[in-house]
Amino acid sequence: MKVIRMAKLIVLGGALILIGLICWWFFGHHVQQTGRATRTKTGQEATVVVNGGYSPATIVLKKGIPAKVNFEMHDSTACLSHVVVEQLGIDKDLTKQPVTTITVPTDQAKEFNYACGMNMFHGKIIVK
């Protein structure tokens with residue numbers, strides 16, 4: 001009887017810890033990096049590394065300077081195999097090449113949200 005009771009307590013404790021971790025993963029406040037574009041001869045470029053998410057998740061671009069954002073694929077997860085920027089009508093398959101480039105209009109200050117193909121991982125491109 002004592003062994004069964006102890007086993008139930010261990011299973012209950014493990015389940016509560018697992019529920020807590022799941023809640024933290026989906027609802028917790030996670031600090032996200034913000035990246036800035038670097039100047040090139042023809043404009044500005046920023047790189048987002050795709051590896052279990054987007055790093056940095058937020059990119060800041062300067063208004064009025066032609067811009068490209070490179071998505072560098074390091075993860076073969078099905079969810080992260082596509083990047084979707086709905087406002088620009090972009091849905092790119094990231095698995096076809098190691099780096100996929102998208103052009104972002106910078107003629108006006110604006111924010112563009114992007115996500116993985118399953119809308120589970122998110123990022124933002126800010127033009128200011």
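So in the range 61-108, with the set limited to residues that are acidic (Asp, Glu) and closer than 20 Å to His122 by Cβ, which one is modelled with the lowest pLDDT? I'd like the intermediate steps shown before the answer.
The first filter runs over the range 61-108 and keeps only residues acidic (Asp, Glu), leaving 72, 75, 86, 91, 93, 107.
Imposing the further condition that a residue be closer than 20 Å to His122 by Cβ reduces the set to 72, 75, 86, 91, 93.
On the way: Glu72: 94, Asp75: 81, Glu86: 95, Asp91: 94, Asp93: 92.
The extreme case among them is Asp75.
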**Prompt:** Is it the case that the range 27-43 has a residue that's at pLDDT 90 or above, closer than 17 Å to Lys110 by Cβ and either surrounded by fewer than 14 Cβ atoms within 10 Å (Cβ to Cβ) or in the same structural domain as Gly123 (by TED's automatic domain parsing) (or both)?
**Reply:** yes
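Okay, residues lined up against (1) surrounded by fewer than 15 Cβ atoms within 10 Å (Cβ to Cβ); (2) of a type outside the set (A, V, I, L, M, F, W, C); (3) touching a residue at least 12 places away in the same chain (Cβ under 8 Å):
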| site | (1), (2), (3) |
| --- | --- |
| Val69 | no, no, yes |
| His74 | yes, yes, yes |
| Val84 | no, no, yes |
| Gln87 | yes, yes, yes |
| Val99 | yes, no, yes |
| Ala109 | yes, no, yes |
| Ala115 | no, no, yes |
| Met118 | yes, no, yes |
| Phe121 | no, no, yes |
Counted residues in the range 1-51 being in contact (Cβ under 8 Å) with a residue 12 or more places away in the chain and either under 26 Å from Asp75 (Cα atoms) or in contact with a Leu (Cβ under 8 Å, 6 or more places away or on another chain) (or both) come to 14
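The values are calculated or read from the model by the stated rules, or taken from the named source; none is laboratory data. As the structure is a computational prediction, the values presented were derived from the model and not from experiment. Glycine gets a Cβ as well: all are built from the backbone with ideal geometry, and neighbour counts include every protein chain shown.
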